[in-house]
Amino acid sequence: MTGRPAPPATAVAVDTLFEVDQLLEPPRAFREQAKISDDSVYDEAERDFRGWWARQAEKLLDWVEPWHTVLDDTDAPFYRWFVGGKLNACYNCVDRHVAAGRGERVAFHWRGEKETREVTYADLYRDTQRLANVLKARGIGKGDVVAIHLPLVPEAAVAMLACARIGAPHNVVFAGFSPHALREQLVFSEARAVITADGVWRDGRAVPLKARINEHIADLDGLRTVVVLRHTGTPAEMCEGRDIWWDEAFATAPPDCPCEPLDAEHPLFTLYTSGSTAKPKVVVHSTGGYLTGVGWTTQNVFDLRPDRDVFWCTADVGWVTGHSYVIYGPLLSGATSVMFEGSPDHPHRGVWWETVERYRVTILYTAPTAINAFLGWGEEHPSRHDLSSLRLLGSVGEPLTPKAWGWYHTVIGGSRCPIVDTWWQTETGCIMITTLPGVMASKPGSAGRPLPGIHVDVVDEEGDPVRGEYGYLVIKRPWPAMLRNLHKQGDRYRQTYFGRFEEQTYLGRFEERTYYVGDSALVDEDGYFWIGGRVDDVINVGGRRFAASQVESAIASHPGVAECAAIGQRHETTGHAICGFVVLRQSLAGGPELERQLGDRVAERLGETARPARIVWTASLPKTRSGKIMRRLLRDIAEGRDLGDVSALRDPDVIDELEQAFSEQPA
Ligand code: WTA
């Protein structure tokens, strides 16, 4: 693949609102206090990655029994880490902090839609034991899958940890998914129990949850228990003998439940991931390796000081980011977090910034989809609040354009906070590529470099490393937090992730089985990784290949643009014609002059070949429930195809709007 990001300019271009096109060293004040402030850690990990990870596992976690083998690769790609070791995730996240006298520390400042609550480690200690006993009384124990279908409430944390306490792998199903999707997951995972709520709040309205799922779970014989939390007060019919109210069950549950010592490889949870197009996969994560990766990254990528910081990861527990950086990472570190139920624009567009101010949040971790929305809404919302407590900002989920980076840095971070743009996946379990904030300069638009102990590369079709051009992102060595399998689909696991470059391994060219990520990326002269997006989204114009993110960064550099998506629309002679779907900042309207300006920006950076053949103005982009742009759908619309499965869409109404915009704005 060809094409590369524009070389760093020496100064901030004046005509580009917020765009920062340069290397930014960590602010001195930040570096001086950072937990990791020199880069020897990279070499140290490189010299012996097994030994290095073993030392981290020992430092980060309390083990009941030590492991005898750090990494067992005899059955690769079914890797096993810390073999022989025993531990318990709930013990590490809760009990040990209480035992150390920190029970009164707030684990979550919870801001619900209707109420707020402070949840301490002692509260989690009490409630996880009770819920674990409720489950045990229903015959649920080690190895039984428990589905959790809850909104972002503290009880979601209690539910996950209670499962971990007794060794029942949890399978969280995002509360916004349809009852049909829930059912599918229950059947596939053979779940023995569901923990859910009477309803969820959606922008002030109570939406039923339990009542909606009733008919979809009625015939599931293996499902013996449904625990229902009263949250919205929505009535729900209960099935005698199977269903039980959370509060009633708690009233009679015994208070003490010891933590079950579990093998390091015991599955902590399974989680669906849709990937880009294929049928959803159910990723299996381990206990010891997962917690090691998540613990290390929480404490070092976010430079987290549990006694001082207030950490806020805005993800829902329905996604891996919620698992790793709302629940397990912060809790095993003994940190204080914010948990926020609801949307960023309810009851008003400043509610996040009001929340930062209220709890004096020091570290904010969110996604480009949110940052782009705020950018579109304008500075007046954050500017009404005191954001001076913030000291570090993070992003995950999609490429962050240099423009969005600059906006986040300036408007939210007051130009004083480093930004960690973190690349990872449901499958990787923890952050893999980013900049350690006290050590490494940021390049807006680039995620940074592989973390210590992580061996990532960009290769061509043959598996040979490529530099300065886009290629396939791969992971060349196993890492502790990696997925262990796809639930009940070992062959699919092997083929999907390790099949692509199998030959190279057999030929002895690769040291270990190489993991195929499915993203395109470029490594520049400084070893920084620029993520291009999913491989399926690569655009090919007359033999020149462009990553969606390259075109999008160029379009977004225009001061008037809030957000955009670029796709290749099939074209008879050139292969693809580039089509840009553009959302403008508030109160701006598109037109031929603006279209020309956007085209010029793309042509200037990537050459005339990349000039979009067409710009479509739209009020919104099609996104998944976790906030990722569905470029596949935009291609289908552009090429007039049947839209296929759109159940992943957060807002199905957007389709009509886009189809209309597309037909009314001819090329
Ligand atoms: C994309 C979310 C660019 C990427 C933790 C990856 C990113 C997929 C970034 C995984 C980033 C995630 N820059 N792209 N910083 N972070 N992605 O499984 O395509 O929901 O493969 O995990 O999101 O999404 P998932």
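The values are calculated or read from the model by the stated rules, or taken from the named source; none is laboratory data. Since the model is a prediction, treat every value here as computed from it, not as a measurement. FYI the Cβ positions are ideal-geometry reconstructions off the backbone, even for glycines, and counts take in every protein chain you see. Please note that ligands, DNA and RNA were not included when accessible areas were found on the heavy atoms of the full protein model with its side chains. Shrake-Rupley method; radii C 1.70, N 1.55, O 1.52, S 1.80 Å.
Values for this structure:
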item	result
Sparse-neighbour loop sites [GluC sites (Glu not before Pro); the range 588-650; at most 15 other C-beta within 10 Å; DSSP]	GLU639
Dimensionless Rg/Rh of the range 137-257 - Kirkwood Rh, Rg from C-alpha atoms	0.93
Range of Cα positions in the range 538-667 per principal axis (Å), largest first	37, 35, 28
The chain: DSSP helices with Cα axial extent of at least 18 Å and average Kyte-Doolittle hydropathy no lower than 1.0	154-166
Charge dipole (the chain, unit charges on Cβ, about Cα centre) - positive-most of ALA481, VAL456, GLN569	ALA481
Förster-model FRET efficiency, 45 Å R0, GLN22 and ARG230, C-beta, rounded to 0.05	0.25
Selection from ILE615, ALA661, VAL538 lying farthest towards where the dipole of the range 538-667 points positive, charges on Cβ	VAL538
More than 49 angstrom apart: percent of Cα pairs within the chain	9 percent
Length-normalised contact order of the range 472-618 in % [C-alpha pairs under 8 Å, at least 6 apart]	17 percent
Qualifying lysines (Cα of each under 24 Å from Cα of LYS623; at least 8 residues distant if same chain)	LYS279, LYS281, LYS403
Dipole magnitude of the range 241-376 about its Cα centre (Cβ charges: Lys, Arg +1; Asp, Glu -1), debye to nearest 20	500 debye
Fraction of beta bridges assigned by DSSP in the chain that are antiparallel (%, nearest 5)	60 percent
Accessible area per residue in Å² at 1.4 Å probe, computed on the chain	37 Å²
Area of TRP201 that stays accessible when all protein chains are in place (1.4 Å probe, Å², to 10)	50 Å²
Sites MET238 and GLU664 - FRET efficiency at Förster radius 56 Å, r taken between beta-carbons, to 0.05	0.65
Carbon and sulfur %, accessible surface of the range 388-470 computed with the full protein complex present, 1.4 Å	47 percent
Most to least packed among 514-526, 433-445 [average Cβ atoms within 10 Å]	433-445, 514-526
Relative contact order, percent, the range 137-257 [alpha-carbon distance under 8 Å, six or more residues apart]	23 percent
Sequence-distant residues sharing a close amide H with ILE615 (under 5 Å, placed H)	GLY580
Residue-level accessible surface for CYS313, protein heavy atoms, 1.4 Å, Å²	10 Å²
Electrostatic dipole magnitude of the range 137-257 [Cβ: Lys, Arg +1; Asp, Glu -1; Cα centre; debye, to 20]	220 debye
Surface accessible to a 1.4 Å probe, VAL83 within the full protein complex, Å²	20 Å²
Ordering of 220-226, 459-465 by packing [mean C-beta count within 10 Å, highest first]	220-226, 459-465
Length-normalised contact order for the chain - Cα pairs under 8 Å, 6+ apart - percent	14 percent
Relative packing of peptides 533-545, 25-37 - highest average C-beta neighbours within 10 Å first	533-545, 25-37
In order through the range 173-178: 3J(HN,Hα) via Karplus (6.51 cos²θ - 1.76 cosθ + 1.60), integer Hz, x for Gly, Pro	10, 3, 5, x, 6, 6
Accessible area of the range 538-667 belonging to carbon and sulfur atoms, whole % at 1.4 Å probe	48 percent
Where labels lie 7 Å past Cα in the beta-carbon direction, separation of GLN489 and GLU461 in nm	2.7 nm
Dipole of the range 137-257 [Lys/Arg +1, Asp/Glu -1 at C-beta], most positive-end residue of ALA156, PRO179, VAL228	ALA156
Within the chain: Cβ-based charge dipole about Cα centre, in debye rounded to nearest 20 (Lys, Arg +1; Asp, Glu -1)	780 debye
Residue list for the range 122-152, given a label point 7 angstrom along the Cα-to-Cβ vector of LYS279 and an amide N cut-off under 13 Å	none
